[in-house]
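Engineer: After the structure tokens below, expect a handful of questions from me.
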Amino acid sequence: MKKFLFLLLFVFIGLGTKAQNIGSVKTIQVKAVYDFQDTFNEYRVNSYLKHRLEEKGFTVYYDNQEAPAEVANDPCKLLKCNVKRDKSMLATKLIIELVNCKGEVVFTAKGESRLKARNKSHVDAIKNALEYSTLNKL
């Protein structure tokens, strides 16, 4: 049964993750407060997501901070990171999307966690979404 659940989780993450041509974009904007949050960094979503994207080689800043000069000159050198919470009774499911300047979704990753504590489950879902993703250092 454990093997089946692990295989199902792996397939879910693999199918839910797709990457298209991100090109030479190296800067990502993370929202300070997402729709499912009440305050900045609630459940440690924002800081953990920023940390993981920086590990992948991107320059990351929050939307309430001043944009880097490179992005101010050319807005198409920026990807916006959206995180949505999918409905589930027994698990925390998060969908991470990177959107380019044309409004096209160029990367999607889905992750889920069955941990009970909300602050741990959101971080675990992000970790699961990005762990086997094709979003690598460009």
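The values are calculated or read from the model by the stated rules, or taken from the named source; none is laboratory data. Computed from a predicted model, the values in this text were never measured in an experiment. Backbone-built Cβ (ideal geometry, glycine too); neighbour counts: all protein chains shown. Heavy atoms of the whole protein, side chains included, go into the accessibility calculation; ligands, DNA and RNA do not. Shrake-Rupley method; radii C 1.70, N 1.55, O 1.52, S 1.80 Å.
Engineer: With the condition kept exactly as written, say whether any residue in the stretch 115-135 is part of a loop (DSSP other than H, G, I, E, B), modelled with pLDDT of 90 or more and surrounded by 14 or more Cβ atoms within 10 Å (Cβ to Cβ).
Structural biologist: There is at least one residue in the stretch 115-135 that is part of a loop (DSSP other than H, G, I, E, B), modelled with pLDDT of 90 or more and surrounded by 14 or more Cβ atoms within 10 Å (Cβ to Cβ).
Engineer: Give the residues of the stretch 31-73 that are part of a helix (DSSP H, G or I), under 19 Å from residue 122 (Cβ atoms) and touching a residue at least 12 places away in the same chain (Cβ under 8 Å), sorted by residue number.
Structural biologist: 43, 44, 45, 46, 48, 49, 50, 52, 53
Engineer: Taking the stretch 98-110 on its own, how many of its residues are open to solvent by less than 30 Å² (accessible area, probe 1.4 Å) and either part of a loop (DSSP other than H, G, I, E, B) or of a type outside the set (S, T, N, Q) (or both)?
Structural biologist: Number of matching residues: 5.
Engineer: Return the residue satisfying two criteria in turn: it lies in the stretch 87-123 and is of a type in the set (Asp, Glu) and closer than 25 Å to residue 64 by Cα, and of such residues it is nearest to the chain's Cα centre (by Cα).
Structural biologist: 97
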